[in-house]
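For reference, the structure discussed in these notes is given below.
The values are calculated or read from the model by the stated rules, or taken from the named source; none is laboratory data. Since the structure is predicted, the reported quantities are computational estimates derived from the model, not experimental observations. Glycine also receives a Cβ, built like all others from the backbone with ideal geometry; neighbour counts cover every protein chain displayed. For the accessible areas, the whole protein counts, side chains as well, though only heavy atoms, and no ligand, DNA or RNA atoms are used. Shrake-Rupley method; radii C 1.70, N 1.55, O 1.52, S 1.80 Å.
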Amino acid sequence: MNICIAGAGAIGCTLAARLAKSGQTVNVLARGTTLETIQKKGIHLTDIDGEHKVTVNASDSAKELGPQDIIFICTKAPALPAMLKLIAPMLHKKTIVIPVVNGIPWWYFQGIEGRFSGDSIQAIDPEGSVSKLLPHTHLIGCVVFITAFRNSPGVVTSTNPHLIVLGEINHQMSERLEEVRKVIEDAGIEARATDNIRDQIWTKVAANITSNPLSVVTKGTLEQLYADDRLKPLVRRMLDEVLLIAAAYGARIRFDPHTFMELGAGMGAVKTSMLQDYEAGQPLELDAIGYSVLELANKVDIPMIATQNLLDLTQFIAAQPQTQKQL
């Protein structure tokens, strides 16, 4: 089986290292300094199981890598349209594409029947422009509960247990779903298959929307965001808002709010991915993590006042010139 990791950031390198360590043929689609480093030195992952140094085939050309059986798209949401175009030469009829992307997925209203079936979410899929880049039959949904930090190109640290939840976007169990789950499990990553991936998406969305934007405003770690008495009331209010929207779309989040807050604090002194992007001067995933949720809230006429205010504040901070950020 040929497996491609498209995007070699923290999560991409974590997956590539674990899969390569398990004996899979791993190809990495990367560019620039990251590509050069991986070609020369491979990938170095430090996680709770120890250190993993692996050599993988890396290129900036999808055509050179050739047809792939599984493609994990490990990129930030703003880069998703460009990445979907890049992977086109690697697709064959049965290629499975697994987007490992934060927030509400562009395919949310595809694959199932319902009130909004076939709708596009303008914040992340304006006029269906992203949906047109990849037939949804290639897709398997994915929610990744992995915290990882890129120390330098190709060098990643991940201090918490790894968990990936997978599901067909039509909520059916399938042979290919189990096949992918087994591949990931064999790589030493806890992998679960579900018949309702959207429930898991809302669980991750609740975690992202209550932590990522606020981390940019406060520069706080997950432990601080969910445990500091000065921040907890705001976090809890946003959590209540997103839980209400999730329920309006029929999603079941199995954690009660108190447990959810405790689990968040238990992640420790970890920087969110959005804070890492902010500090690196990279675009923030505010549309996928935040404004897409507000759009879904508007569809069902439910206000998210606290969340709206915090997202707008985060967007304002991110828009300031770099020199002003440093003052």
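Mind ranking Lys85, Lys132 by accessible surface for me, highest first, 1.4 Å probe?
Working: Lys85 135, Lys132 160 Å².
These residues rank, largest area first, as Lys132, Lys85.
DSSP beta bridges confined to the chain are antiparallel in about 35 percent of cases.
For region 125-231, the calculated P(r), taken from all Cα-Cα distances in 10 Å bins from zero up to the bin holding the longest distance, is 12, 31, 35, 20, 2 percent.
Round to the nearest 0.05 the FRET efficiency obtained for Glu190 and Glu279 when R0 = 30 Å and r is the Cβ-Cβ distance. Let's see the in-between values first.
Working: r = 29 Å, r/R0 = 0.98.
E between Glu190 and Glu279, to the nearest 0.05, is 0.55.
Please give me the summed charge of the neighbours of Gln122: other residues whose Cβ is under 15 Å from its Cβ, Lys and Arg +1, Asp and Glu -1.
Numbers: positive: Lys132, Lys299; negative: Asp119, Asp125, Glu127, Asp287, Glu295.
In short, -3.
The apolar share of the surface of region 108-198, taken as the fraction of accessible area on carbon and sulfur atoms (1.4 Å probe, ligands and nucleic acids excluded), comes to 50 percent. In Å, what Kirkwood hydrodynamic radius results for region 1-43 from the alpha-carbon pair distances? In region 1-43 this quantity evaluates to 10.3 Å. Ligands, DNA and RNA are left out, and with a 1.4 angstrom probe the accessible area of region 111-182 is 48 Å² per residue.
Using only the Cα atoms, work out Rg/Rh for region 38-112, with Rh taken as the Kirkwood radius, to two decimals. Walk me through the intermediate numbers first.
Values: Rg = 14.9 Å, Rh = 14.6 Å.
Result for region 38-112 is an Rg/Rh of 1.02.
With N counted as the residues of region 193-264, its alpha-carbon radius of gyration over 2.2 N^0.38 Å works out to 1.10.
In this structure, the residue pairs whose Cα-Cα separation is over 27 Å, taken from Lys40/Lys219; Lys53/Lys204; Lys40/Lys94; Lys76/Lys299; Lys53/Lys76, are Lys40/Lys219; Lys53/Lys204; Lys40/Lys94. For region 1-73, what % of the accessible area comes from carbon and sulfur atoms, probe 1.4 Å? Answer for region 1-73 is 42 percent, counting heavy atoms of protein chains only.
Estimated at 0.36 nm per residue, the fully extended path between Phe255 and Thr55 surpasses their Cα-Cα distance by 68.1 nm. Rg ratio for region 187-327: its Cα radius of gyration over 2.2 N^0.38 Å, N being its residue count, equals 1.06. Estimated at the nearest 10 Å², the accessible area of Glu168 is 20 Å² with a 1.4 Å probe.
Note on the chain: Cα-only Rg and Dmax are 18.9, 55 Å. Across every pair of non-identical alpha carbons in region 1-149, the mean reciprocal distance, once inverted, gives a Kirkwood radius of 16.0 Å. Of all the options Ser117, Ser211, Ser22, the one that moves most in a Gaussian network model of the chain with Cα springs shorter than 10 angstrom is Ser117. Comparing Leu313, Leu45, Leu214 in a Gaussian network model of the chain (Cα springs below 10 Å), the most mobile by mean-square fluctuation is Leu313.
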